[in-house]
Amino acid sequence: MAIELEPLPLPPSADPSNFLEFGKEVKGVDPGKLSPEELEEIRVLLYKHDALLFRNCELSPEQQYALTKVFDPDTEIYGHGNNKTETAKRSILHPYLKTIPRVPQVQLIGHGTVHDHEGIAVAELQHPSHKNFHQTHLSAEDEAAGFTRFYRWHIDAALYALEPPQVTTLYGISVPQGPKQVVRYEDGTGDELPVSLGTTAFISGRTMFEILPSELKSVAVRARVRYAPHAYEWMSTAGAMTTGLGLETEGKEKPLSELADWKEEDVKVYPVLWKNPVTGALHFEVHPAGVQELFIAPLPAGAKREGALYPDGAHLTDLKELRDLLYKMQRPGIAPSLVYPHDWREKDLVLFHNRGVMHSIVGVFGPGQVRVFHQCNLAASSGPVGPSDEDVLKWA
């Protein structure tokens with residue numbers, strides 16, 4: 001059968017006009033048994049649409065790894081590395097990832113106690129929630145009433161030493177059902193978002209850039225971020241904002257002198273905007289919780305200076321200042337009408353362009369609920385490409 005595409009099943013909260021190109025459901029093919037020609041078509045489709053959904057799949061860890069590797073054949077290490085060193089154990093990600101022994105690029109994630117799974121005798125899985133990461137927590141009464149939060153808006157990336165994966169694949173094996181929940185943004189806007197239990201929320205980095213006013217587009221196209229060394233250890237003692245979009249600035253980040261050994265050459269500095277390899281579009285791709293410094297280049301010669309922000313460039317090291325600027329640029333992109341909260345079914349497979357979207361875990365599971373997912377992404381063989389000189393001239 002030929003590959004068929006249908007729109008994603010959008011919830012009533014989503015504005016369909018913002019999802020004309022973002023996300024497609026793929027029918028007519030088995031993602032575990034694609035021909036070379038079909039694999040190439042899927043590769044191009046993912047970069048065009050940023051997220052692809054396959055329903056009712058049978059997918060082994062070996063098949064998931066092989067499918068993920070199509071997007072970067074020159075790499076084979078899991079996106080955050082496969083080591084079990086003390087450095088990895090000090091990361092805030094450590095409690096949530098269990099490696100499949102025979103395919104270490106694939107991680108077991110989810111919630112609850114899992115027995116005899118793919119060579120793992122027993123796994124105690126924990127679904128991350130805002131209680132693990134936010135500065136403030138919802139009250140027990142609000143949680144009982146069905147309210148929840150985004151956990152952390154992010155890209156899948158080590159943010160140190162390894163390059164961000166091109167694509168992440170998520171495969172739902174056991175998907176507990178329950179009452180819908182409502183995400184509260186709690187940032188003074190009154191924004192809320194009804195979601196299914198345990199949704200994964202996605203937004204388009206391209207849309208995040210395109211909806212910015214011209215003066216912030218100019219900043220974005222000229223800007224680079226420097227991530228803290230061992231960023232997940234650095235942020236582990238701090239608390240996130242209620243929207244999950246970055247950290248509150250309270251001086252609680254772990255001092256660099258207390259981090260695991262690190263090298264300056266392994267610290268990552270990336271452009272704020274990443275260029276899509278197929279469409280050429282620019283995607284706003286910043287993991288706000290890990291940013292330590294922000295560099296803004298001066299306006300190019302001939303650019304209009306009236307009304308411009310940072311016309312002579314800037315190097316921001318004050319965490320409050322740079323976080324406020326990033327939040328101002330990123331917060332519009334997570335508005336309820338722009339979020340695709342995927343309503344998981346068992347045997348759903350979602351591929352997403354990790355260099356083109358941002359995503360967040362959402363929700364809280366109750367006692368006895370067991371959720372089993374396989375996740376795979378691979379540290380890329382090269383770094384992201386930023387705006388071209390022509391892009392800078394166009395948007396600055």
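The values are calculated or read from the model by the stated rules, or taken from the named source; none is laboratory data. Because the structure is a prediction, the values reported are computed rather than measured. Here Cβ is always computed from backbone atoms with ideal geometry, including for glycine, and neighbour counts include all displayed protein chains.
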ask   = Just a yes or no: is a residue in segment 17-35 in contact with a helix residue (DSSP H, G or I) (Cβ under 6 Å, 6 or more places away or on another chain), basic (K, R) and either at pLDDT 95 or above or within 21 Å of Q375 (Cβ to Cβ) (or both)?
value = yes
ask   = Any idea how many residues of segment 232-243 are surrounded by 22 or more Cβ atoms within 10 Å (Cβ to Cβ) and farther than 17 Å from A157 by Cα?
value = 3
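Which one is nearest to A51 (Cα to Cα), of the residues in segment 282-302 that are small (G, A, S) and either surrounded by fewer than 21 Cβ atoms within 10 Å (Cβ to Cβ) or free of Cβ contacts under 8 Å to residues at least 40 places away in the same chain (or both)? Write out each step before concluding.
From segment 282-302, those small (G, A, S) are 289-290, 297, 301-302; that's our starting set.
Now drop any that are not either surrounded by fewer than 21 Cβ atoms within 10 Å (Cβ to Cβ) or free of Cβ contacts under 8 Å to residues at least 40 places away in the same chain (or both), which leaves 297, 301-302.
On the way: A297: 32, A301: 38, G302: 38 Å.
Checked segment 282-302; the qualifying residue nearest to A51 (Cα to Cα) is A297.
Go through L326, L309 for me and flag whichever is in the same structural domain as G244 (by TED's automatic domain parsing), in contact with a helix residue (DSSP H, G or I) (Cβ under 6 Å, 6 or more places away or on another chain) and under 30 Å from Q181 (Cα atoms). Break it down stepwise before answering.
Details: L309 fails: under 30 Å from Q181 (Cα atoms).
Unique residue meeting the criteria: L326.
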Failed item in (1) in contact with a Gly (Cβ under 9 Å, 6 or more places away or on another chain); (2) under 26 Å from R55 (Cα atoms), with G333 passing the rest = (2)
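Every residue, every condition in (1) among the hydrophobic types (A, V, I, L, M, F, W, C); (2) out of contact with any strand residue (DSSP E or B) (no Cβ under 9 Å at 6 or more places or on another chain), yes or no:
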residue: N18; (1), (2): no, no
residue: V26; (1), (2): yes, no
residue: V29; (1), (2): yes, no
residue: L34; (1), (2): yes, yes
residue: I42; (1), (2): yes, no
residue: K48; (1), (2): no, no
residue: F54; (1), (2): yes, no
residue: L59; (1), (2): yes, no
ask   = How many of the residues in segment 361-385 are over 24 Å from G280 (Cβ atoms) and touching a helix residue (DSSP H, G or I) at 6+ places or on another chain (Cβ under 8 Å)?
value = 3
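Check whether at least one residue in segment 147-156 is modelled with pLDDT of 95 or more, polar (S, T, N, Q) and more than 15 Å from the chain's Cα centre (by Cα), and report yes or no. Reasoning before the result, please.
Step one: list which residues in segment 147-156 are modelled with pLDDT of 95 or more, which gives 147-156.
Checking which are polar (S, T, N, Q) leaves us with 148.
Restricting the remaining residues to those that are more than 15 Å from the chain's Cα centre (by Cα) gives 148.
Yes, segment 147-156 contains a residue that is modelled with pLDDT of 95 or more, polar (S, T, N, Q) and more than 15 Å from the chain's Cα centre (by Cα).
Would you kindly identify the strands (runs of 3 or more DSSP E) lying entirely within segment 188-260 that contain at least 1 residues that are under 30 Å from Q177 (Cβ atoms)?
Values: elements: 192-195, 200-204, 223-227.
Output list reads 192-195, 200-204.
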query = Just for segment 210-231: of the residues that are touching an Asp or Glu at 6+ places or on another chain (Cβ under 9 Å) and more than 30 Å from D261 (Cα to Cα), which one is surrounded by the most Cβ atoms within 10 Å (Cβ to Cβ)?
reply = V221
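Yes or no, residue by residue, for (1) touching a residue at least 40 places away in the same chain (Cβ under 8 Å); (2) within 30 Å of Y65 (Cα to Cα); (3) part of a strand (DSSP E or B):
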{"residue": "K304", "(1), (2), (3)": "no, no, no"}
{"residue": "L325", "(1), (2), (3)": "yes, no, no"}
{"residue": "R345", "(1), (2), (3)": "yes, yes, no"}
{"residue": "F352", "(1), (2), (3)": "yes, yes, yes"}
{"residue": "R355", "(1), (2), (3)": "yes, yes, no"}
{"residue": "V372", "(1), (2), (3)": "yes, yes, yes"}
task = Considering every residue within segment 352-363, establish whether at least one is surrounded by fewer than 18 Cβ atoms within 10 Å (Cβ to Cβ) and modelled with pLDDT of 95 or more.
result = no
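Here is a yes/no grid of residues against (1) out of contact with any strand residue (DSSP E or B) (no Cβ under 9 Å at 6 or more places or on another chain); (2) surrounded by fewer than 17 Cβ atoms within 10 Å (Cβ to Cβ); (3) among the hydrophobic types (A, V, I, L, M, F, W, C):
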| position | (1), (2), (3) |
| --- | --- |
| L97 | no, yes, yes |
| P101 | no, yes, no |
| Q107 | no, no, no |
| G112 | no, no, no |
| E118 | no, no, no |
| A123 | no, no, yes |
| Q135 | no, yes, no |
request  = For segment 261-274, name all the residues that are assigned to a loop (DSSP other than H, G, I, E, B) and surrounded by fewer than 12 Cβ atoms within 10 Å (Cβ to Cβ).
outcome  = D261, K263
request  = Name the residue, out of L309, L259, L319, that is over 15 Å from D391 (Cα atoms), in contact (Cβ under 8 Å) with a residue 24 or more places away in the chain, touching a His at 6+ places or on another chain (Cβ under 8 Å) and of a type outside the set (D, E).
outcome  = L259
